[in-house]
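A quick write-up on the structure given underneath.
The values are calculated or read from the model by the stated rules, or taken from the named source; none is laboratory data. Computed from a prediction, not measured in an experiment: that's the story for all the values here. Note that each Cβ is placed from the backbone with ideal geometry, even for glycine, and that neighbours are counted across all protein chains shown.
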Amino acid sequence: MFNKLNLTIDQMNGFFFTSPYPKDSLTSLITYLNTKPYIYTRDFSASAYVHYQTGAINVVTFFFNMNPVNQQDLIKTVQALKLVDTNGDTKDIVLKVPVGEETYWLKKLRENGMVTWTQLNCIEQILPFMRKAGKKKNRTR
């Protein structure tokens with residue numbers, strides 16, 4: 001959907017999976033996932049753990065820079081590893097939109113049936129405070 005809108009998917013989280021592999025394959029799975037440039041980046045790495053009750057491996061990692069090539073690779077990876085989506089209720093996607101069009105996209109995305117919540121991240125540039133020329137601050141000790 002977002003690819004058709006020509007919006008950049010900067011980050012995805014909340015896409016949780018279970019693995020059919022035994023718990024002793026956890027380290028191998030994490031090592032393999034860390035070969036993916038959309039996982040092992042921005043000081044993040046693959047995150048997975050063995051569930052204390054079920055013994056199943058759960059993959060709970062972030063995905064970054066999800067351009068169409070990385071999206072296709074993720075789909076192939078999920079299929080190859082036979083990962084099963086846990087169908088969690090919260091899947092978050094951070095989109096980059098053109099500067100000045102933020103409110104337009106906020107409204108447009110809210111109209112889409114797949115999107116249940118939208119919010120601006122309100123990133124703005126803050127300039128350092130500059131003292132006016134000619135004014136000196138008196139200091140006493």
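A compact table of results
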| quantity | calculated |
| --- | --- |
| Members of the stretch 21-42 found to be out of contact with any helix residue (DSSP H, G or I) (no Cβ under 9 Å at 6 or more places or on another chain) and either at positive phi or touching a residue at least 40 places away in the same chain (Cβ under 8 Å) (or both), listed by number | R42 |
| Filter pass, Q11 being polar (S, T, N, Q), free of Cβ contacts under 8 Å to residues at least 40 places away in the same chain and either part of a helix (DSSP H, G or I) or touching a strand residue (DSSP E or B) at 6+ places or on another chain (Cβ under 7 Å) (or both) | no |
| Condition check for N112: in contact (Cβ under 8 Å) with a residue 24 or more places away in the chain, over 16 Å from the mean Cα position of the chain (by Cα), loosely packed, with under 13 Cβ neighbours inside 10 Å and not in a strand (DSSP E or B) | yes |
| Restricting the stretch 41-59 to residues that are in contact with a strand residue (DSSP E or B) (Cβ under 7 Å, 6 or more places away or on another chain) and under 18 Å from K82 (Cα atoms), the residue that is surrounded by the fewest Cβ atoms within 10 Å (Cβ to Cβ) | H51 |
| Matching residues in the stretch 36-85 - criterion: being more than 23 Å from K23 (Cβ to Cβ), among the polar types (S, T, N, Q) and part of a helix (DSSP H, G or I) | N70, Q71, Q72 |
| First in the stretch 43-55 and hydrophobic (A, V, I, L, M, F, W, C), second anywhere and part of a strand (DSSP E or B), Cβ under 6 Å, 6 or more apart | A48/I57; A48/V59; V50/I57 |
| Residue in the stretch 71-78 that is in contact with a strand residue (DSSP E or B) (Cβ under 7 Å, 6 or more places away or on another chain), surrounded by 11 or more Cβ atoms within 10 Å (Cβ to Cβ), modelled with pLDDT of 95 or more and polar (S, T, N, Q) present | no |
| The stretch 86-97 - residue that is part of a loop (DSSP other than H, G, I, E, B) and surrounded by 11 or more Cβ atoms within 10 Å (Cβ to Cβ) and, of those, farthest from the chain's Cα centre (by Cα) | T86 |
